[in-house]
Every structure is written in C-alpha cells, then in structure tokens.
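The values are calculated or read from the model by the stated rules, or taken from the named source; none is laboratory data. Treat the numbers as computed from the prediction; the structure is a model and nothing was measured. FYI the Cβ positions are ideal-geometry reconstructions off the backbone, even for glycines, and counts take in every protein chain you see. These accessible areas exclude ligands, DNA and RNA; they are computed on the full protein's heavy atoms, side chains included. Shrake-Rupley method; radii C 1.70, N 1.55, O 1.52, S 1.80 Å.
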Amino acid sequence: MLASRLFTVARAFPKHAALGCLVPRLKHTLPDLCYDFNALEPVISAEIMKLHYTKHHATYVNNLNITEDKMADALKNGDINTTISLQPALKFNGGGHLNHTIFWTNLSPSGGGEPTGDLMTAIRDDFGSFENFKKELSATTIAIQGSGWGWLGFNPVNGMLKVTTCANQDPLEPTTGLVPLLGIDVWEHAYYLQYKNVRPDYVKEIWNIINWENVTERFAKARMEKLQ
Amino acid sequence: MHPVCILLVLLSCFSVVSSGTSAPYHGIEKYAEEYPLPKLPYDYDGLEPQIDRATVKVHHTGHHAAYTTNMNAALKEWKNDDTSDSLSRSSLLRILQNLQDIPVQYRTKLRNNVGGYVNHALYWGCLSGNQGNRTPTGTVAADINTVFGSFSAFREKFTAEAASLFGSGYVWLSRQSSTSATAKPPLVITTSQNQDTPISEGLRPVLVIDVWEHAYYLKHQNLRAKHIGDWWALVDWEAVNVLDGWWAKMDVKVHEDL
C-alpha cells in the first residue's frame, strides 16, 4: 500500500474534450495496489511484484503518456501519417496499462478457491464445470507462443463466457469485443525469476490467489451493461 | 623439413581451423530421423561475464531443449500421418522455407518449434566469450560498410531495432537470396516475432540477437538495453563470416536439390 502511494501523481487539471483546447490532457498514472509487494507470496515473489509494478507497468504508463502527447500534436497538425504510425505504440502501451490494471485487481492474498453465485452458475453453464473451465483457461494460456495473456471474457452479444488469448499487450475488448473478467499474464517477466522456463507451474499456482470477488464484480457489471 | 611436408602440415592446420568444432546449426541442412539438441561451442560459463552461467544453462537445457523435443515429436507425427509427403522428410531448412506447404494441422507447431530449434542454433553460433567488442572482419564487415555506411551506423540501427521490438522475437542481419554465382547478395536488417525466422522469407541470416525476455531476465530483469550491450561484446565476427560462407555452400546444394 505504502509503496504504491509514491507512484500516484496529483491530478491538477480537468480532462479536456475538444482538440486544440489549451487545458492539458489528463496523464495516466499507475493505479494503487491493494496489497504489499510480498502479499502474494509464495505464489508470486515480492521481487517479481516490485519489478512488474514499478518497472514494467510504470513503463507502459510513461510511454502511453508520451505516445498520447505525440498523437495529440499529430492530430492537431492534421498529420495523418504520424497519427497512423503511432498506433502500434498506442496499442502496445495502452494495452499494457489496461491489462496490468485489471491484473492487479484479479489477484489477492486472500484469493483462491472457487467462485460462487451467478458467476459459478455461468461458468457451469458455459464450460460444463469449474474444473473444465480451469483446465481450458490453463491449457490455452500455457500454450501462448511468445508473450501474451490468457483471458476469461464476457461476450456482450450473447451473454456467454469465453476463454481466449491475446498476443503481446493487445487489449481484450478492442481486439475481440469480449469484456475482460480475469487475465493471466504469461509474459516471461511475470514469472521468470521464480519459475524460470516452467510456465505450467506458474499457471498452476496462480489459481491460489485469484480474487473471485473482483472477477464476480466485473461479471456483474458486464451483464448489467449488456441488459441496458 | 621438406617443403612438401611443410605444405602438408600447413594444409592440415588450415582444415582443422576451418572445420573446427561443429557449429550448433550444422545438420539443419540435412534430413534426420530425429535432431539432437545442438552442443554449445562453449561451456555454460563460457559467455561470462556478459551472459551469466545460469541464463545460458536454462536457455539451452530448458528453452532450446523444449523446442528440440517438441519439434521432433511434431515431425514424427506428421511423417506417420502421411507416408507420401516428401516435405516431412526434408531438411529443417527446407521445411522453414516452405511453411505454407505443411499440412495445416501441423503448421503452427512446426513453425514455432522448428523455428525455435533453428533460431537458437544460429544465436549460439554467432557468439563466443572474450570477443571484447571487436569490430567486424572479413567479407561481412566490408559488406556492412557498403550497405550501412559504417559499422557504427549499422550497430546503431541494429541496436534500435532490438531495443524497440514489442513482445518476444529476434533481430537479424541476413543476406538476400543469391542471384549471382559470384557477387555476394546485399545485407538487410529485419526483425521477427516469436520463433519466426527470416529463413522463411528466403533470407540467409548471418547474425542474430534473441530478445525474448528469457534471454536476459535473470541478469538484467527489464533492462533489455543492457542485454543488447552485453551481446555486442560477445559477437564473434569470425563465426559470423563462417556462417556467411556456410550459406554460400547451401545455395549451391539447394540448386542441386531442385
């Protein structure tokens, strides 16, 4: 908790809506972590948590701000070439910020076990059983080539749950239309210092710290938005 | 000593120097029932202090070994499935050059695992300890100057690509396909994602850096730039020229096979 406060930047200026407005754009910041770096041990070490949050996530935030500034200039100048050429950096850093923000809330030192209520019902309806769902998300996530994320997503078109993956930092919703409920980061930086090349062990252990309350909240919100 | 004896001694020395120990990528140009994990041309601590022993060991016995096992399994499955398919009984080079002809149910697995096997063999083959950031030598050096203006201009460009690659992948210096029997084709810098390889684009890679996080995370964590600096210090330009020469011989063989 204490450590994360150091990374919050005071928001001095209101968000602007119009292009060319003189009020500066709101900068993205690292979200607060709801637990200390060592709180997820032994599943995820304090060393990994500290690097992952203060270096990797922080870099996505910084580079997102830089990219958005450049993009604002390019848009203001009507420079389409530059606007388009900034899009990979926007996707990469914006996606990185979105994904990690979700990830920290998906985990909890008091997590683990299984979900209950409506979420469990939906999992049983759409996967047959919780075990089936767990197996599918684990296997799919482990099999990702290179860097990426495994996701449990909510399909707002048919109201069903779906397991899928995204490469690199591609954000789930813009890429697939699915609303992200639970993500597993399998970039090597998420586990390497502790698990080395044995990604399956990391994916097996992470189930012990899944914050089902948070996943349930996201599910409930997604379902409510679908009904509107 | 008799002049002929001197000549014979010199010739035998030359052949020992030029053939030397087998490079890690030897054998990818021939068909084999099963491919072994290539031996490294150095001990696990042979790249210290630039690349630490622990990294080299897990990179070789963990990652490269897994690609080897999975590649052999996928090749076996493919061969058993279709006894008439000749591509499944070709060399790894041939397979990588013809990915689109692999049956779709095996394609991704082979693209990833044959790629992983070959890419790592090339990565190991370009490095050795105590190179001390030497400037390049030989034909490759001359061609670098021709294409990029200078070695430092080339190094800057290559480094920038390596630093900015999103996700997992490699940066390569390759020759384009040979069209002439005498002139060396030009050099290009390209990048690839995951275990994709410029060999599949018809290029002949002579130098490669692995920028997957596993290549540097134990020592440098998020600081990829430091890994790139360490890697430059290990590039063995003699080995790069040998690899360049090896491709020239392959081109001759490929024409013979066709």
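Residues considered: A:LYS162, A:LYS27, A:LYS196. Largest GNM mean-square fluctuation over chain A, using C-alpha springs under 10 Å, is found at A:LYS196. Taking B:SER177, B:SER86, B:SER150 as the candidate residues, the one with maximal mean-square fluctuation in a Gaussian network model of chain B, Cα springs under 10 Å, is B:SER86. Across peptide A:193-200, the mean count of Cβ atoms from other chains lying within 10 Å of each residue's own Cβ comes to 3. Once both labels are positioned 7 Å from their Cα atoms along Cα-to-Cβ, the gap between B:THR190 and A:ARG223 label points is 5.0 nm.
Taking amide H positions as modeled 1.01 Å from N, with prolines and chain starts lacking one, no residue 5 or more places away or on another chain lies under 5 Å from B:GLY129. The residues packed around A:TYR191, meaning those with a beta-carbon under 12 Å from its beta-carbon, carry a net charge of -3 if Lys and Arg are +1 and Asp and Glu are -1.
State in Å² the accessible area per residue of chain A; use a 1.4 Å probe, count heavy atoms of protein chains only, and round to the nearest integer.
Values: 11390 Å² over 228 residues.
Per residue, chain A has 50 Å² of solvent-accessible surface.
The peptide list A:81-87, A:189-195, put in order of mean Cβ contacts within 10 Å with the highest first, becomes A:189-195, A:81-87. Residues with beta-carbon under 13 Å from that of A:GLU41, excluding A:GLU41: net charge, scoring Lys, Arg +1 and Asp, Glu -1? Surrounding charge for A:GLU41 is -2. Peptide B:213-223 has a mean of 4 when you count, residue by residue, the C-beta atoms of other protein chains within 10 Å of its C-beta.
Calculate the translational D of chain B in whole µm² s⁻¹ from Stokes-Einstein, where the hydrodynamic radius comes from the Kirkwood formula applied to all Cα pairs, the temperature is 20 °C and the viscosity 1.002 mPa s.
111 µm²/s
Couplings for the stretch A:55-70, taken from phi via the Karplus curve 6.51 cos²θ - 1.76 cosθ + 1.60 with θ = phi - 60°, read 10, 5, 4, 4, 5, 4, 4, 4, 5, 5, 4, 4, 5, 5, 4, 5 Hz in order; Gly and Pro are left as x. Report, in whole Å, the centroid distance computed from the Cα atoms of the stretch A:189-224 and the stretch B:102-172. A separation of 34 Å, based on Cα centres.
Dipole magnitude for the stretch A:76-185: about 200 debye, using +1 per Lys or Arg Cβ and -1 per Asp or Glu Cβ, origin at the Cα centre.
If the chain linking A:THR116 and A:GLU47 were pulled fully straight, counting 0.36 nm for each residue of separation and taking away their Cα-Cα distance, it would gain 21.6 nm. Counting Lys and Arg as +1 and Asp and Glu as -1 over every other residue whose Cβ lies under 13 Å from the Cβ of A:MET120, the net charge comes to -4.
Only DSSP H runs of four or more residues enter the estimate; each adds -39500 (n - 2.57), and after division by the residues of the protein assembly as shown the mean residue ellipticity at 222 nm equals -15000 deg cm²/dmol.
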